[in-house]
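The values are calculated or read from the model by the stated rules, or taken from the named source; none is laboratory data. This structure is a prediction, so every number in the text was calculated from the model and none was measured. Using ideal geometry, Cβ is built from the backbone for each residue, glycine included, and neighbour counts are taken over all protein chains shown. Quick note on the areas: whole protein, heavy atoms, side chains included, nothing else; ligands and nucleic acids left out. Shrake-Rupley method; radii C 1.70, N 1.55, O 1.52, S 1.80 Å.
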Amino acid sequence: MNTSFEINRKNTTTTWLTPPDIIKSLGEFDLDPCTPEFMPWETAKQRYTEKDDGLKMPWHGRVWLNPPYGKLMESFLEKMALHNNGIALTFNRTETRQFEKWVWPYASAVLFKTGRIHFLNNEGAKAGNGSGTGSLFIAYGEENAEILRNSGIKGKFIKL
């Protein structure tokens, strides 16, 4: 999903959008299964919203995945791992069960982003001082690993 469901303590909204320059640096995507209802910029050719339920819908082509950060994250990472074609953005929490099950055994590469992402609100303005923890990009499939390596996103790239 292009949203982070971590609660901003100064604001009651739970929708934080991935900055468009990050998505653009990763190339064109065929599907975003976690798009908020109001998305001011394109993330993929086809987008599923919460109403569509991206977990139940068929996935195709190259997928951009910024899953809801909560109970559904593991289910989305499972579906991405089994689809094996795309790039996911998650918090840098490599010790979690979802990483043990759906990232380390399936991913082709990861990129630990330098600094924290400043997610945006629905108007495209920065939403606070950045996320509460570091972010990690996960490439599924060799082509996506190369795209991630050459994306220009600052951080430590590791081929798995």
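Summary table
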{"item": "Conditions (1) at pLDDT 95 or above; (2) at positive phi; number of the one not met by Asn144", "result": "(2)"}
{"item": "The listed residue being of a type outside the set (Phe, Trp, Tyr), surrounded by 14 or more Cβ atoms within 10 Å (Cβ to Cβ) and either modelled with pLDDT of 95 or more or assigned to a helix (DSSP H, G or I) (or both), out of Lys156, Lys101", "result": "Lys101"}
{"item": "The one condition in (1) part of a loop (DSSP other than H, G, I, E, B); (2) aromatic (Phe, Trp, Tyr); (3) within 13 Å of the chain's Cα centre (by Cα); (4) modelled with pLDDT of 95 or more that Tyr106 fails to fulfil", "result": "(3)"}
{"item": "Qualifying positions in the range 75-89 - open to solvent by 30 Å² or more (accessible area, probe 1.4 Å) and on the phi < 0 side of the Ramachandran plot", "result": "Ser75, Glu78, Lys79, Leu82, His83, Asn85"}
{"item": "Residue satisfying all of: in the range 14-53; in contact (Cβ under 8 Å) with a residue 12 or more places away in the chain and basic (Lys, Arg); farthest from Ile147 (Cα to Cα) among these", "result": "Lys51"}
{"item": "Ser151 vs. criteria under 18 Å from Asn66 (Cβ atoms), buried (at least 16 other Cβ atoms within 10 Å of the Cβ) and at pLDDT 85 or above", "result": "yes"}
{"item": "Candidate set from the range 109-119 (those that are part of a loop (DSSP other than H, G, I, E, B) and either touching a residue at least 60 places away in the same chain (Cβ under 8 Å) or of a type outside the set (Gly, Ala, Ser) (or both)); member that is most open to solvent (accessible area, probe 1.4 Å)", "result": "Arg116"}
{"item": "Any hit, the range 70-88, residues being under 23 Å from Leu148 (Cβ atoms), modelled with pLDDT under 95, not in a helix (DSSP H, G or I) and not small (Gly, Ala, Ser)", "result": "no"}
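Yes/no per residue for (1) buried (at least 21 other Cβ atoms within 10 Å of the Cβ); (2) acidic (Asp, Glu):
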site: Asp32; (1), (2): yes, yes
site: Thr35; (1), (2): yes, no
site: Asp53; (1), (2): no, yes
site: Gly70; (1), (2): no, no
site: Phe91; (1), (2): no, no
site: Arg97; (1), (2): no, no
